[in-house]
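Q: Here it is, the structure, as structure tokens.
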Amino acid sequence: MKKYVIAFVLILVSIQIQAQDFIVIPKHINIEGREKKKVIQQLDSLLHQIIIQKLDTNLISKNKRDFTISVIDKLMRYEQKKDSVAKLILDKQLINIYPIDSQQYSISVAYLYKKDEQIILPYIFTLIADCTKENITFSVPLNYLTRYWQKTKIGNITYFHQGKLDIEQAIIFDKKNTQIATLMGLKAEKMDFYMCDSYKEIMQLIGFDYSYSANGIATGGYGVIANTIFMNHEDFSHDVFHYYSGLVNKREDRNWIAEEGVAYTLGNAYYTDEEGKMVTQKRLIKELENYLIQNQDSTLWQLFKEDYPIFDSIANDLSVRSVISSIIVDEVLLKKGKIGVLELVNSGGGKKKFDNYMKTIDELIGINENNFNERIKKLMKDYK
Ligand SMILES: [Zn+2]
């Protein structure tokens with residue numbers, strides 16, 4: 001009798017697995033209950049749409065819809081990147097599903113594949129399913145995971161935070177958001193800002209409990225995407241500049257030496273130091289000055305050209321080229337105004353970005369390779 005029961009259960013389980021075309025459901029996952037089964041069916045449809053790159057946005061919950069779509073877009077790109085052999089494998093496995101509310105479920109899916117006899121885990125992805133009588137829709141777990149967070153509105157920015165908010169910094173950011181938008185000829189946009197301690201926390205809030213590509217990354221923010229920002233500091237003005245610039249300037253025109261210069265001066269250096277303080281342009285110019293005193297063989301031209309990592313004691317990824325570019329941008333703004341800055345930002349990217357940048361600053365303010373050291377040194381004195 002026992003044998004028959006086991007055989008029967010096995011048949012049932014295999015039916016359950018076969019019933020879902022795009023996801024593996026291991027036997028130990030409890031999928032009992034009518035509503036749960038419906039959720040899994042709908043999840044299967046969503047995964048199919050992700051595979052075929054055709055998302056029906058009606059499957060996405062209304063709240064933060066654009067943001068959820070942007071995250072799902074990452075999964076779509078992953079499907080696209082897979083080689084033809086990997087595309088044939090059922091690489092998604094349901095690893096958890098449980099109710100979090102009378103009409104909500106948390107669902108986690110692990111993406112797995114085998115390469116050279118090694119099991120690789122690209123993602124563990126969590127979604128929230130919202131169930132109504134008519135429909136089941138999905139969203140990233142952001143709202144759910146931050147449901148007990150405090151909310152503080154400063155101008156156009158709504159901060160979501162667990163610890164104390166630095167109001168002074170928040171006011172600075174709100175002002176910069178307006179200033180930068182105005183410079184680009186745009187209206188300042190409203191933003192939702194989630195204060196996060198680490199990059200790992202950001203990834204979890206947006207649904208990636210694990211991401212192969214984010215493995216080992218601890219610092220940095222995320223955004224602006226669908227008017228949403230994540231960062232460990234209230235001032236996200238560096239990337240806000242890139243965001244507005246991307247709205248008005250053509251991709252091929254954007255010169256990233258100039259962009260970084262503007263982002264460093266109108267915004268900040270993006271990274272925080274060991275004490276969690278935002279690194280400012282002023283501080284980096286002071287550091288640069290000290291560096292030149294201690295390294296008499298170095299020249300500003302050489303540092304600008306080679307972009308040596310001279311600020312690593314403050315934070316990684318700070319660029320001396322961007323600091324020097326920010327000094328040049330300030331001079332362009334002073335002498336040629338907003339039009340001059342926009343000309344420099346749009347001086348052309350790609351392989352010739354360095355030459356394009358040099359040519360444009362020579363035309364705008366007469367700085368070139370021959371007078372570079374002397375002119376920049378003189379400008380640096382104004383920051384004391
Ligand atoms: Zn930047």
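Please treat every number below as a calculation from the coordinates, not as lab data. These numbers come from a predicted model, not from an experiment. Positions of Cβ are backbone-derived with ideal geometry, glycine not excepted, and every protein chain shown enters the neighbour counts.
Q: Looking only at region 351-370, count every residue that is surrounded by fewer than 17 Cβ atoms within 10 Å (Cβ to Cβ) and either touching a residue at least 12 places away in the same chain (Cβ under 8 Å) or assigned to a helix (DSSP H, G or I) (or both) and tell me the total.
A: Here the count works out to 8.
Q: Now for a different question. Considering only residues that are within 19 Å of residue 321 (Cβ to Cβ) and part of a helix (DSSP H, G or I), which ones fall in region 333-350?
A: 333, 341, 344, 345, 350
Q: Considering (1) closer than 27 Å to residue 28 by Cα; (2) within 22 Å of the chain's Cα centre (by Cα), say which one residue 130 fails and leave the rest.
A: Condition not satisfied by residue 130: (2).
Q: Select from region 224-276 the residues that are within 16 Å of residue 166 (Cβ to Cβ), touching a residue at least 24 places away in the same chain (Cβ under 8 Å) and charged (D, E, K, R) and write down the one among them that is surrounded by the fewest Cβ atoms within 10 Å (Cβ to Cβ).
A: That would be 273.
Q: Looking only at residues that are farther than 18 Å from residue 163 by Cα and within 11 Å of the chain's Cα centre (by Cα) in region 191-213, which one is surrounded by the most Cβ atoms within 10 Å (Cβ to Cβ)?
A: 206
Q: When the residues of region 278-304 are filtered to those that are part of a loop (DSSP other than H, G, I, E, B) and either within 20 Å of the chain's Cα centre (by Cα) or of a type in the set (Asp, Glu) (or both), which remaining residue is farthest from residue 320 (Cα to Cα)?
A: Checked region 278-304; the qualifying residue farthest from residue 320 (Cα to Cα) is 297.
Q: Can you find a residue that is within 16 Å of the ligand (Cβ to nearest atom), surrounded by fewer than 21 Cβ atoms within 10 Å (Cβ to Cβ) and outside any loop (DSSP other than H, G, I, E, B) anywhere in region 172-190?
A: yes
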